[in-house]
């Protein structure tokens, strides 16, 4: 499953336009359009176009200004994998409390030591969430650890895909799909209301 996720992440990275890559990095920095324009010494219209127009073409001087503001070279901004650039913007992560993980989730520690590259993608919040999980008889088994980490990785990939789609003309379709899914979730959470609605039948037009 992880090979499939890795392949999808690389594919999504390739699909992003240059302006979408920059916009994602700007959001990671927490900059508003105004702050981005000031940091890169761009006019507000150019900054807004980069943030909202996936197909906008960037001149060489604009690209260099964006790269410098974000702390990258032009080559890095254009060629480096987006996840790597995002990790660099986030800075070093707090060290993982190894003893705490060993005490609470020994199989998680074993997985992290066997998969250092994937473990490096886990943030403190992810680790805290994994530490809080319990299996049927106590700490997670190896299979349980793999299952929940797979879900975290899929969620991270999905959020990246949604963000990419949100910057395209497919945003209305995405909103419709999300609305349909949320309706199903609401029905599952409120089965009594769903049964009541079904019993009353469709509303009359008159």
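The values are calculated or read from the model by the stated rules, or taken from the named source; none is laboratory data. Remember, predicted model here, so these are calculated numbers, not experimental data. Neighbour counts run over all protein chains shown; Cβ positions are idealised from the backbone, glycine included.
Could you please give the count of residues in region 86-124 that are at pLDDT 90 or above, surrounded by 17 or more Cβ atoms within 10 Å (Cβ to Cβ) and in a helix (DSSP H, G or I)?
Final tally of qualifying residues: 7.
Give the residues of region 52-63 that are over 26 Å from the mean Cα position of the chain (by Cα) and either touching a residue at least 24 places away in the same chain (Cβ under 8 Å) or not in a loop (DSSP other than H, G, I, E, B) (or both), sorted by residue number.
Once the filter is applied, which keeps residues that are over 26 Å from the mean Cα position of the chain (by Cα) and either touching a residue at least 24 places away in the same chain (Cβ under 8 Å) or not in a loop (DSSP other than H, G, I, E, B) (or both), region 52-63 yields 60, 61, 62.
Only residues that are more than 21 Å from residue 83 (Cα to Cα) and either touching a residue at least 40 places away in the same chain (Cβ under 8 Å) or surrounded by 11 or more Cβ atoms within 10 Å (Cβ to Cβ) (or both): list them for region 135-155, please.
Correct list: 135, 139, 140, 141, 142, 144, 145, 146, 147.
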